[in-house]
1. Picking from Val133, Val80, which residue would you name as being part of a helix (DSSP H, G or I) and at pLDDT 90 or above?
2. For the condition modelled with pLDDT of 90 or more and surrounded by fewer than 21 Cβ atoms within 10 Å (Cβ to Cβ), what is the one hit in Ile38, Ile43?
3. Which numbered condition in (1) surrounded by fewer than 19 Cβ atoms within 10 Å (Cβ to Cβ); (2) at negative phi is the only one that Val62 fails?
4. Considering only the range 14-35, I want to know if a residue exists there that is surrounded by fewer than 15 Cβ atoms within 10 Å (Cβ to Cβ) and either touching a residue at least 40 places away in the same chain (Cβ under 8 Å) or at positive phi (or both).
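The values are calculated or read from the model by the stated rules, or taken from the named source; none is laboratory data. Please read all numbers here as calculations on a predicted model, not as lab measurements. As a convention, Cβ positions derive from the backbone with ideal geometry for all residues, glycine included, and neighbour counts pool all protein chains shown.
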Amino acid sequence: MNYINQLLNNKALLAAFTAWFTAQFIKIIINLIQEKRIDFSLIMSSGGMPSSHSSTVCALGVMVWKLCTPASVEFAIAVVFAFIVMYDAAGVRRAAGEQAKVLNRIVEDLAKRKTEYMEKNLKELIGHTPFQVIIGALLGIVIGIAFPI
């Protein structure tokens, strides 16, 4: 039971989760404005504006800085982790999303010729634009700074 209390009082973990949830909630609000409908499935979706990956790791990094000092090994690990996650979000995962678009077009072309290739389209929105990553990072930094120690 003590472990649960420790987890629930872990400020770095709480700030990271708050940043993730805030970014995902913002996606619902943006979708509501654009599509005029609420889509709660976005709370668990990847891709889109802002990057919840970036906001999560940046909030974590700021909290580690606040709790352990910028000279600590823990902060160095958090910063390296944040850069890897943000690079992946804007690079590798975005490229995979672009490939999914091309594959979906191929499948549509095959379908027009009455050829069954796939049962459903690949998910195209799995990565982020650099702008979405930057906005997510800024959101996480702000949440990390504002989060009480």
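1. Of the residues listed, the single one that is part of a helix (DSSP H, G or I) and at pLDDT 90 or above is Val80.
2. Details: Ile43 fails: modelled with pLDDT of 90 or more.
Unique residue meeting the criteria: Ile38.
3. (1)
4. no
Okay, residues lined up against (1) acidic (Asp, Glu); (2) without any contact (Cβ under 8 Å) to a residue 40 or more places away in the chain:
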| site | (1), (2) |
| --- | --- |
| Ser54 | no, no |
| Ala59 | no, no |
| Val62 | no, no |
| Lys66 | no, no |
| Val73 | no, yes |
| Ala78 | no, yes |
| Ala89 | no, no |
| Ala100 | no, yes |
| Asp109 | yes, yes |
